[in-house]
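The values are calculated or read from the model by the stated rules, or taken from the named source; none is laboratory data. This is a predicted model, so every value here is computed, not measured. So basically every Cβ, Gly included, is an ideal-geometry build from the backbone, and we count neighbours across all protein chains shown.
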Amino acid sequence: MKLDSYWTATATAHSVLEKPLPARADVAIVGGGFTGLSAAVALGRRGARVVVLEAGAMAGEASGRNGGHVNNGLAVDYATLAASVGTERASAWYRAYDAAVDSVARIVREERIDCNFLRNGKLKLAARASDYDTLARGFDRLHREVDCDVELLDAAAIRDEIQSERFVGGLLQKRSAQMHMGRFGAGLAQAAERHGAELHAQTEVRRLERVRGQVHRLHTDRGVVEADQVLVATGATMHGSYPSFGFWRRRIVPIGSFIIVTEPLGHELARRILPGIRTYTTAAHIHNYFRLTPDDRLVFGGRARFAMSSPNSDAKSGHILREAMTWVFPQLSKTRIDYCWGGMVDMSRDRLPHAGEHRGLYYAMGYSGHGTQMSVHMGQCMADVMAGDSAANPWRDLAWPAIPGHFGPPWFLPLVGAYFKLKDALR
């Protein structure tokens, strides 16, 4: 079992030639994940001089260490959200995720990125009657107000979707997609360079200051860059010590998400257990998510442990996930696990993305486990915002208060895990 991301291990990484940092840029982007690279593509198309500064490898963190889903639909229950903020705002945010999947599809097509992009939908699976009742109650309002394509599947219909006896129904959201994250990340980096962006990997931004009016100076471990605008697209990173970093640190909770990938199952078995080749997620609070790969492996992930990602934590989580996988698919009990890894999710308190401007710095983050599509989309949106179109940001009116008691490492994660385990037990 390799403690490595299947996506990055099975893709040809985009190699960034080491070169001196430019002294000046129109826009400096801190973070070379999907948000930063997508913004670099959009800004480069406008003719801006763009430099992307990434502390590690391009698309090597959350962008290359996720479950491979490109899903529409909110991370929170639509009906509950609509009851809280109103139908107009909730439906607009829901449609932002539809637009996000569209953005990924458009970039894949326009930039000719070979990443096995498929748009076969997402199936949310209910393992208990109470879970199905919750999905059914939410379905009525969701179907009526915002997504006429969504479909509620009963126990009979679910047996045609998944070869497992564990589920009693589900919610099918047909606009969702999937892709090979490693190949998409490499293709997005290549597209950014084609449009003129300078990419600098292994370049950590250690300090950031404003000088001469609106000009920003970024101090890295490889030199200094000055830029007229800065986009912070760092997600859950703990790199950096500039003053504004504390603003995001108090609002983002880095939570580990863990994933295993099986050996190749063979085409026949793979298509038998998941004939629809969709993305799948369970309805529990501590849920699992899974899908097939282009070479007929099963990718199976979830919040196996409420802990930070590390080699030891990833390995422990791999054993927990294997048990969960064989609970869903007993027929895979003797299947070998080839890959296991973890990644950090930039969780916000309301589980909604946040984007805007703080002290002259633009930002987009807080994707809360639904970031592969929204990060790409927000890179495009923030390029428009930085060009003067503030209405391009779908989250512009969303307040983002600090999390009480949160100033650094998330000491409260075990308590959060125990709380959600209790909620699942009482369902």
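Within the range 270-295, work out how many residues are within 23 Å of Asp131 (Cβ to Cβ) and touching a residue at least 60 places away in the same chain (Cβ under 8 Å).
Adding up the residues that qualify gives 16.
Quick one: is Ala236 at pLDDT 95 or above, buried (at least 23 other Cβ atoms within 10 Å of the Cβ), of a type outside the set (D, E, K, R) and not in a strand (DSSP E or B)?
no
Determine, yes or no, whether Asp389 is surrounded by fewer than 20 Cβ atoms within 10 Å (Cβ to Cβ), within 27 Å of Gly67 (Cα to Cα) and not β-branched (Val, Ile, Thr).
Against the criterion (surrounded by fewer than 20 Cβ atoms within 10 Å (Cβ to Cβ), within 27 Å of Gly67 (Cα to Cα) and not β-branched (Val, Ile, Thr)), Asp389 does not qualify.
Which residue pairs have Cβ atoms under 6 Å apart, sit 6 or more places apart or on different chains, and have a first residue in the range 141-167 that is closer than 21 Å to Tyr289 by Cβ and a second that is among the charged types (D, E, K, R) and assigned to a helix (DSSP H, G or I)?
Final answer for the pair search is Gln163/Arg272.
Results for (1) over 25 Å from Leu172 (Cβ atoms); (2) hydrophobic (A, V, I, L, M, F, W, C), shown as yes or no for each residue.
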{"site": "Ile277", "(1), (2)": "no, yes"}
{"site": "Asp314", "(1), (2)": "yes, no"}
{"site": "Cys340", "(1), (2)": "yes, yes"}
{"site": "Pro353", "(1), (2)": "no, no"}
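For the range 64-93, give me the residue count where each residue is in contact with a Gly (Cβ under 7 Å, 6 or more places away or on another chain) and either more than 30 Å from Thr262 (Cα to Cα) or outside any helix (DSSP H, G or I) (or both).
Adding up the residues that qualify gives 7.
Are any of the residues in the range 158-174 of a type in the set (Asp, Glu), over 30 Å from Phe329 (Cβ atoms) and crowded, with 17+ Cβ neighbours inside 10 Å?
no
If the requirement is being surrounded by fewer than 24 Cβ atoms within 10 Å (Cβ to Cβ), basic (Lys, Arg) and modelled with pLDDT of 90 or more, which of these qualifies: Arg272, Arg249, Arg278?
Criteria check complete, one pass: Arg272.
What are the residues in the range 98-134 that are in contact with a Gly (Cβ under 7 Å, 6 or more places away or on another chain) and part of a helix (DSSP H, G or I), if any?
Residue satisfying the conditions is Tyr132 alone.
Which of the residues belonging to the range 195-217 are touching a residue at least 40 places away in the same chain (Cβ under 8 Å), out of contact with any Phe, Trp or Tyr (no Cβ under 9 Å at 6 or more places or on another chain) and either surrounded by 16 or more Cβ atoms within 10 Å (Cβ to Cβ) or not in a strand (DSSP E or B) (or both)?
Matches in the range 195-217: His195, Gly196, Ala197, Glu198, Leu199, His200, Ala201, Gln202, Thr203, Glu204, Gln214, His216.
How many of the residues in the range 320-350 are charged (D, E, K, R) and either free of Cβ contacts under 8 Å to residues at least 12 places away in the same chain or surrounded by fewer than 16 Cβ atoms within 10 Å (Cβ to Cβ) (or both)?
Matching residues across the range 320-350 total 3.
Scan the range 36-72 for residues that are polar (S, T, N, Q) and over 10 Å from the mean Cα position of the chain (by Cα) and jot them down.
Ser38, Asn72
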